[in-house]
1. When segment 275-289 is examined, which residues are found to be more than 35 Å from the chain's Cα centre (by Cα) and either under 26 Å from A165 (Cβ atoms) or touching a residue at least 24 places away in the same chain (Cβ under 8 Å) (or both)?
2. Among the helices (runs of 4 or more DSSP H) lying completely within segment 162-249, list those that include at least 2 residues that are farther than 30 Å from D284 by Cβ and in contact (Cβ under 8 Å) with a residue 24 or more places away in the chain.
3. Regarding segment 156-170, can at least one residue be identified that is at pLDDT below 85, of a type outside the set (K, R), at positive phi and surrounded by fewer than 23 Cβ atoms within 10 Å (Cβ to Cβ)?
4. Of the residues G146, G151, G182, which is surrounded by 17 or more Cβ atoms within 10 Å (Cβ to Cβ) and of a type outside the set (S, T, Y)?
5. Return a yes/no flag: does segment 205-214 have any residue that is open to solvent by 80 Å² or more (accessible area, probe 1.4 Å), out of contact with any Cys (no Cβ under 9 Å at 6 or more places or on another chain), at pLDDT below 90 and over 30 Å from H106 (Cα atoms).
6. Out of K297, K292, K270, I need the residue that is of a type in the set (D, E, K, R), in a strand (DSSP E or B) and either touching a Cys at 6+ places or on another chain (Cβ under 6 Å) or touching a residue at least 24 places away in the same chain (Cβ under 8 Å) (or both). Which one?
7. With respect to L64, is the statement that it is open to solvent by 50 Å² or more (accessible area, probe 1.4 Å), at pLDDT 80 or above and farther than 29 Å from L191 by Cβ true?
8. Residues to consider are E249, E290; find the one that is acidic (D, E), open to solvent by 40 Å² or more (accessible area, probe 1.4 Å) and touching a helix residue (DSSP H, G or I) at 6+ places or on another chain (Cβ under 6 Å).
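The values are calculated or read from the model by the stated rules, or taken from the named source; none is laboratory data. No experiment lies behind these values; they were computed from the predicted model shown. With ideal geometry, Cβ positions are generated from the backbone for all residues, glycine too; neighbour counts draw on all protein chains shown. Ligands, DNA and RNA are stripped out before the accessible areas are found, and what is left, the full protein with its side chains, is counted by its heavy atoms. Shrake-Rupley method; radii C 1.70, N 1.55, O 1.52, S 1.80 Å.
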Amino acid sequence: MAQKENLLKHGNKSSLIAAIVNIIIALVKGAAYLFTGNVAMFAETMHSFGDAANQFFVYIGSALSKKMPNDRFPNGFGRLVNLVLLGAVIIVGIMSYETIKEGYHHILHPTESSGIGINLTVLALAVLLESYVLFKAMKEVLHETGTEAKGLAIATKSLSSLNKAKPATKLVFMEDAVATLGGVIAIIGILLSYFAGLHAAEGIASIIIGLMMFFVVGRVFLDNAKGVLGEADQELEAQIAEYIFTNPEIKDIQTLFAVKEGEDYHIEMKLEINPSLTVAQADDIKDRIEHKIQQIKGVTDVIIEFDEDDGFQTWDRNLIPGNS
């Protein structure tokens, strides 16, 4: 039991915070919907419940992915977080469908909802809380990618660095960005319905929110499908190759792969060296290169093989930054 508790401590903290905040928001929104019958509030309730369930599963998955390899699973559990995220998008997909369907029915048969004060208060509070979670996710993206930013640059730089963030953090960022924008759209829909008499506006807002949720489903599915298959990081491969050729004993690189395993990287390479080197010298070179590469953030596993120099250049050095 103690081992499981220690494992959970390594789960993605952004997703845990987001799950707790979203379940609170969903319950408040749900109560407001029961009192007012507002369809935009229904869309927001479904959205928050979907996000809460999604982010909770992400937290568990990211924690379990840190489990150490064993005899049955020698390659470890790194890709488990990708599998969990692929399953989690099903929940959001179902919520998205229900949200769009309810909005469509409201457009066909618009009804006037009551309790504008309750709806606006709840949605304004939800937008503030979602904005807080989004800000925390932005900070986490910057932390994971080693990016420095202050003030308004936190938003712009976190967005530009998003693709380099961990899968769980990326999901929290996207979901809460959509949730914050969705809350604003719901408020606009309610205001148009109440003050302009455009009761169908609430249904339109519901459909827009549902479509944004589907966008998140699509992005998360594609990103994590790549993770399950094992996508190579060409930028990291170029960075490692640049270092390897600073070692004069290395004559060529036959193969070099930097494959993302969940939130971490598995590095495998086959290098060509001078055949006159002794086993002890080759072992020292291997230890030196392995130690240096393991210092790269996110790298957990490095496998290095040596072969004698065949006199032919396999690796294109023009691919290395600074070379031409």
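1. Here is the first cut: in segment 275-289, the residues more than 35 Å from the chain's Cα centre (by Cα) are 275-285.
Passing the criteria: P275, L277, Q281, A282, I285.
2. Details: elements: 167-195, 200-229, 234-244.
Passing ranges, in order: 167-195, 200-229.
3. Of the residues in segment 156-170, the ones at pLDDT below 85 are 163-170.
Narrowing the set further to residues that are of a type outside the set (K, R) leaves 163, 165, 167-169.
Okay, now just the ones that are also at positive phi, so none.
Checked against the condition, which is being at pLDDT below 85, of a type outside the set (K, R), at positive phi and surrounded by fewer than 23 Cβ atoms within 10 Å (Cβ to Cβ), segment 156-170 yields no hits at all.
4. Numbers: G146 fails: surrounded by 17 or more Cβ atoms within 10 Å (Cβ to Cβ); G151 fails: surrounded by 17 or more Cβ atoms within 10 Å (Cβ to Cβ).
Residue meeting the stated conditions: G182.
5. Here is the first cut: in segment 205-214, the ones open to solvent by 80 Å² or more (accessible area, probe 1.4 Å) are 211, 214.
Filter once more, keeping what is out of contact with any Cys (no Cβ under 9 Å at 6 or more places or on another chain): 211, 214.
Checking the rest, the ones that are also at pLDDT below 90 come to 214.
Still in the running and over 30 Å from H106 (Cα atoms): none.
So far as segment 205-214 goes, no, none of its residues is open to solvent by 80 Å² or more (accessible area, probe 1.4 Å), out of contact with any Cys (no Cβ under 9 Å at 6 or more places or on another chain), at pLDDT below 90 and over 30 Å from H106 (Cα atoms).
6. Numbers: K297 fails: in a strand (DSSP E or B); K292 fails: in a strand (DSSP E or B).
From the options K297, K292, K270, the qualifying one is K270.
7. On the way: open to solvent by 50 Å² or more (accessible area, probe 1.4 Å): yes; at pLDDT 80 or above: no; farther than 29 Å from L191 by Cβ: yes.
No.
8. Exactly one residue qualifies, and that residue is E249.
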